[in-house]
C-alpha cells in the first residue's frame, strides 16, 4: 500500500506591470491571449488548452516534454470581479496521478499608470509528488511570461 500524505502551504507573489488593470485582467481572461503566456516551459510543444472564462467555467492545460510525463492543469472559476479579482480552484496531475489541489486568488490593483498584481495560492500537496517550492517557482515563471506578453502588447500599440 502507498503511504499517503498531504502538505498544506500558502505563498504570495506580487508583481507590478506597466499595463492598466483592464489590460492585465484581459491577459488572464481572453482565450486568444492567455495561452501565449500560460503554458509550460518554452521547449515543450504547445499542448491542449481550453478556457471557458466565467464563474463555473473551466480551464484545462495539458502538455509536457516530448515523450515525457503529461502535466495536466484542471481548473474551475469560482469568483470573477472584472479588472479586480479572479479566484480559481484547480488540481494538477502527472499523467493520471493527482499531485495537488489548490485555490488561487489573483488580485489586480491600480498602481500609478500600471497594475499591482497579487497572486496567492493555498495548496494541498499530495503524497510527496509535488511541493510548494516547485509550485512557487513555476508560478514566478508564469508571471514573468505574463510580463513579457504585456510588454509585447505595449510594443504593438
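The values are calculated or read from the model by the stated rules, or taken from the named source; none is laboratory data. Being a predicted model, the structure only gives us computed values, none of them experimental. Here Cβ is always computed from backbone atoms with ideal geometry, including for glycine, and neighbour counts include all displayed protein chains.
Laid out as a table, the results:
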item	result
Filter result for residue 106 (at pLDDT 95 or above, part of a strand (DSSP E or B), closer than 24 Å to residue 46 by Cβ and in contact with a strand residue (DSSP E or B) (Cβ under 6 Å, 6 or more places away or on another chain))	yes
Candidates 98, 116, 39, 15 - the one that is outside any strand (DSSP E or B) and either at pLDDT below 95 or at negative phi (or both)	39
Tally of residues being loosely packed, with under 15 Cβ neighbours inside 10 Å and closer than 22 Å to residue 89 by Cβ across the range 15-56	8
The listed residue being in contact with a strand residue (DSSP E or B) (Cβ under 8 Å, 6 or more places away or on another chain), in contact (Cβ under 8 Å) with a residue 12 or more places away in the chain and closer than 21 Å to residue 16 by Cα, out of 139, 100	139
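Conditions (1) more than 19 Å from residue 118 (Cα to Cα); (2) touching a helix residue (DSSP H, G or I) at 6+ places or on another chain (Cβ under 9 Å); (3) part of a strand (DSSP E or B), marked per residue:
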site	(1), (2), (3)
9	no, yes, yes
28	no, yes, no
45	yes, no, no
50	yes, no, yes
59	yes, yes, yes
87	no, no, yes
